[in-house]
Amino acid sequence: MKKIRKYIDNSNLSLFRSIIQIIFFIILVYGGFKAISISEKIPTFACPYNVRTGGTCYLINIQHQLHSEWAGFITWRGISVLTALLTFIGLFIILNKSWCGFICPLGTIQDWLTKLRRLFGVRFSRYNKTSFKSLKVIKYIVLILLLVIPLGMSNSFFGLPKITEDMSAPYCQLCPARTVLPAATGDFTQFYIDFSSTTTIIMTTLAMIITALFFVGSFLKKRFFCFFCPMSALQFLFAKIGLLRLVKVGNKCTSCGNCSRVCDIGINAIADDLENKFIVKDDCMMCFKCVEACPENNCLKVKFTGLTIFRSTDEGFFKRFSKTKDYNITIDRKLSKND
Amino acid sequence: MIKSFFIVLCITIFSLSLEAQVFQTEWLCPYPQQHVKQHVKISGMQKYYAMPGKYGKEKFILWPAKGNSLTEVEYMDSLTVKKSQFYLFSPDREYEKYSLKNTKSGYAFLYDFGKEGYHNAYMINKYLIHDTLFIMISKAERLSHKCRNGHKDVQKKIEPLIYPNLIPFEMIRLRMKPGENYHFLLESGNHVTFKVLHRGKEVKGAEVTFTTNKDWHKTIITNKKGTATFQVPSDYFPSMGELKQKKVSYYLVKAKFTVALDSKDTNSQFKYICYTCTYPGEYIPSQSLYKSSFWAVIVIVVSVLIISIIVIISRSEKNKILSRL
């Protein structure tokens, strides 16, 4: 048993994650070619605009479901909204935000763009503390808008006119998954500007700008889009009830800062927070790179239903980082040498 | 003498009016009269007219109508459709509930959408004139789909359904291949094929006329397979500044076929049966008129250039600050 424990703790979780990501990318993006359809309630970014998709994003479901008059929610439609939400929460309780880190195909593409950047030897970007604080609010604003706009299409708020039907599934119109994931199957039909109305011109132009931002941003900044993703915000609302948890033992932390440096999102709180036990922040995607990079025994742990499945060890840290050249840590060493 | 002359005159007028009625086309009209449009709204992806119902559930509408063309529509009232037979079938081939009501938008055929797939609505009228029985079948196919219900087995669920035992003469629109799905809406430029069936069997030589609401029309005789193919015309051209590119237009297809009865059947009141079947639908201008991939590429390239320049400038500024330190 001890040997198994040691083997797991010393293992290269990033490699395992990459393999899982490739498998799920194939299933969720190309699965439709083999008639695979996981579900319509799973919170994937398996975008339905990709004809060959192997699942459907929950965000398109909820936007369609909320496109209803108030009275509709006390009938069958209310039940369907509730069941979809419960299925989403149910799956989320099991996986917590690791869906973002391990399965989301849009996240996988961003990780591949990061690898491409490393290949070209281009320096990566990080937000400073002020930008980090102000930008992280965007995903909550997007989440609120994507819930309110569909409601406003069927209902009048404060006597104002209803929102035009051209705003149907507003977030999907702007989401880079709509253009990027079909393109991964060779379908470029989602790249267009729709001149049929003022709203469609604005929305499709914005979508193309966001697609450009997605590519440049993800190339220069790790997991660039995850920072603005409303799915991440929605998932965080239920993070506290997740069975999969990232646990920190504050008194074992030496505040070396390795965890925040390897963090793709750039969460500083993971290093700074010595008080809280459960440290999944709203931007966290549960990739567990922080656990891999932590040199302190049992300081960071990945737990599932209270059972430790992966933890930080000094042996594991040295084993992993003597083999791989993690860019952030290398940079950090260089910087500390300069200091 | 005067009395008998009056009776003959009445019979002649009645028979003439009946003939006039028969030679008018009947159909289940998918759009209302202009002056009552405010009472209904276009709903959903398929652009069907609907009336708001209880608890937000909409009632979809078809208006029994007749006329010589789509521009000369006479909406029927409860008296004129008194003898008509109405049917509504679900995608599972089951009878569905409907109601015929005098609504604010006129006398209408109202129905709810239940199961996913095409619902078939029919109105049947029969007229006997001289030795010919005219059977006029007005058909409408209405697609029910909500994205939240998923997109499984689309091809199976959108297949056209026929009811040869009940509806002797049918016209079906063959589904576009490849690619027709729940989100399909006929566009100008599309080739659309209609198949004419008599008791489930393909009819060769039937006369099929495709008419648009701008009175463009074309008649084709069905081939061996009982099909007639039309290319949907583009007859809506907005001015430069006008942004109503997805304007819905309407078409009506009418198939006509006459069957001579067996001469041995002397008991029959008629020698011929003249079948007509009408099929209305919506179409929108071709997407190529308002969607541009070229401009999308321009926007992306320009955005990438601007973002890259911003990043390069900000990085060089940072480097300058670092080098000063």
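The values are calculated or read from the model by the stated rules, or taken from the named source; none is laboratory data. Treat the numbers as computed from the prediction; the structure is a model and nothing was measured. When we count neighbours, we look across all protein chains shown, and the Cβ atoms used for this are built from the backbone with ideal geometry, even at glycine.
Of all residues assigned to segment B:216-232, none qualifies as being more than 14 Å from chain A (Cβ to nearest Cβ), within 30 Å of A:Thr56 (Cα to Cα) and under 19 Å from the mean Cα position of the chain (by Cα). Residues in segment B:81-134 that are within 24 Å of B:Phe257 (Cα to Cα) and in a loop (DSSP other than H, G, I, E, B): B:Val81, B:Lys83, B:Ser84, B:His130, B:Asp131. Under the condition of being at pLDDT 75 or above and either among the hydrophobic types (A, V, I, L, M, F, W, C) or under 19 Å from A:Leu95 (Cβ atoms) (or both), the residues counted in segment A:1-50 number 23.
Of the residues making up segment B:76-91, those that are at pLDDT below 90, within 14 Å of B:Ala108 (Cα to Cα) and not polar (S, T, N, Q) are B:Met76, B:Asp77, B:Leu79, B:Val81, B:Lys82. Here segment A:51-63 is the region considered, the condition is being out of contact with any Phe, Trp or Tyr (no Cβ under 6 Å at 6 or more places or on another chain) and modelled with pLDDT under 85, and the residue that is surrounded by the fewest Cβ atoms within 10 Å (Cβ to Cβ) is A:Val51. So for segment B:298-321 (the condition being more than 10 Å from every other protein chain (Cβ to nearest Cβ), surrounded by fewer than 11 Cβ atoms within 10 Å (Cβ to Cβ), within 29 Å of B:Thr25 (Cα to Cα) and modelled with pLDDT under 90), does at least one residue qualify? Scanning segment B:298-321, I find no residue that is more than 10 Å from every other protein chain (Cβ to nearest Cβ), surrounded by fewer than 11 Cβ atoms within 10 Å (Cβ to Cβ), within 29 Å of B:Thr25 (Cα to Cα) and modelled with pLDDT under 90, so the answer is no.
Tell me, please, whether a residue that is over 22 Å from A:Leu244 (Cα atoms), buried (at least 19 other Cβ atoms within 10 Å of the Cβ), more than 10 Å from every other protein chain (Cβ to nearest Cβ) and touching a helix residue (DSSP H, G or I) at 6+ places or on another chain (Cβ under 7 Å) can be found in segment A:85-103. No, segment A:85-103 has no match at all. Any chance segment B:141-155 includes a residue that's more than 15 Å from the chain's Cα centre (by Cα) and within 24 Å of B:Phe109 (Cα to Cα)? Yes, segment B:141-155 contains a residue that is more than 15 Å from the chain's Cα centre (by Cα) and within 24 Å of B:Phe109 (Cα to Cα).
Inspect all residues belonging to segment B:281-291 and state whether any of them is in contact with a Pro (Cβ under 8 Å, 6 or more places away or on another chain) and at pLDDT 90 or above. So far as segment B:281-291 goes, yes, one or more of its residues are in contact with a Pro (Cβ under 8 Å, 6 or more places away or on another chain) and at pLDDT 90 or above.
Just one of (1) modelled with pLDDT of 85 or more; (2) not in a helix (DSSP H, G or I); (3) not basic (Lys, Arg) fails for A:Leu274. It is (1).
Being of a type outside the set (Lys, Arg) and farther than 22 Å from A:Leu145 by Cβ is the requirement here; does A:Ala239 meet it? It is false that A:Ala239 is of a type outside the set (Lys, Arg) and farther than 22 Å from A:Leu145 by Cβ. Scanning segment B:148-160 for residues that are surrounded by 16 or more Cβ atoms within 10 Å (Cβ to Cβ), in a helix (DSSP H, G or I) and free of Cβ contacts under 8 Å to residues at least 12 places away in the same chain yields one hit, B:Arg148.
Collect the residues in segment B:63-80 that are in a strand (DSSP E or B) and surrounded by fewer than 18 Cβ atoms within 10 Å (Cβ to Cβ), keeping them in residue-number order.
Residues satisfying the conditions are B:Gly67, B:Asn68, B:Ser69, B:Glu72, B:Glu74.
Of the listed requirements (1) surrounded by fewer than 21 Cβ atoms within 10 Å (Cβ to Cβ); (2) more than 24 Å from A:Leu85 (Cα to Cα); (3) touching a Ser or Thr at 6+ places or on another chain (Cβ under 6 Å), A:Ile270 misses just one: (1). Step by step: first the residues of segment A:180-213, then only those that are in contact (Cβ under 8 Å) with a residue 40 or more places away in the chain and within 18 Å of the chain's Cα centre (by Cα), then the one that is nearest to the other protein chains (Cβ to nearest Cβ). Which residue is that? Selected residue: A:Val180.
For segment A:215-229, a residue qualifies if it is within 14 Å of chain B (Cβ to nearest Cβ) and either in contact (Cβ under 8 Å) with a residue 60 or more places away in the chain or at positive phi (or both), and the qualifying residues are A:Phe215, A:Ser218, A:Phe219, A:Leu220, A:Lys221, A:Phe224, A:Phe225. Within segment A:46-82, the residues that satisfy the criterion of being without any contact (Cβ under 8 Å) to a residue 12 or more places away in the chain and more than 10 Å from every other protein chain (Cβ to nearest Cβ) are A:Ile79, A:Leu82. A single entry from A:Ser255, A:Ser232 fulfils the requirement of being crowded, with 19+ Cβ neighbours inside 10 Å, touching a residue at least 12 places away in the same chain (Cβ under 8 Å) and touching a helix residue (DSSP H, G or I) at 6+ places or on another chain (Cβ under 9 Å): A:Ser232. Look at B:Phe270 and say whether it is surrounded by 15 or more Cβ atoms within 10 Å (Cβ to Cβ) and assigned to a loop (DSSP other than H, G, I, E, B). It is true that B:Phe270 is surrounded by 15 or more Cβ atoms within 10 Å (Cβ to Cβ) and assigned to a loop (DSSP other than H, G, I, E, B).
Screening B:Leu185 against (1) part of a strand (DSSP E or B); (2) within 14 Å of chain A (Cβ to nearest Cβ) leaves a single unmet condition, (1). In the set (1) farther than 20 Å from A:Lys222 by Cα; (2) surrounded by fewer than 20 Cβ atoms within 10 Å (Cβ to Cβ); (3) modelled with pLDDT of 80 or more, the condition left unmet by A:Phe317 is number (2). When A:Tyr327 is tested against (1) of a type in the set (Ser, Thr, Tyr); (2) modelled with pLDDT under 90; (3) over 18 Å from A:Phe124 (Cα atoms), just one condition goes unmet, and that condition is (3). All of A:Lys240, A:Lys221 fail the test of being among the basic types (Lys, Arg), within 24 Å of A:Ile265 (Cβ to Cβ) and surrounded by fewer than 18 Cβ atoms within 10 Å (Cβ to Cβ), apart from A:Lys240.
With respect to the conditions (1) within 21 Å of B:Ala140 (Cβ to Cβ); (2) crowded, with 16+ Cβ neighbours inside 10 Å, B:Lys247 lacks only one, and its number is (2). Does B:Thr276 qualify as being at pLDDT 90 or above and either away from every other protein chain (no Cβ under 14 Å) or in a strand (DSSP E or B) (or both)? Yes: the conditions hold for B:Thr276.
Taking the conditions exactly as written (within 27 Å of B:Trp27 (Cα to Cα), modelled with pLDDT of 90 or more and out of contact with any Pro (no Cβ under 8 Å at 6 or more places or on another chain)), does B:Tyr182 satisfy them or not? No.
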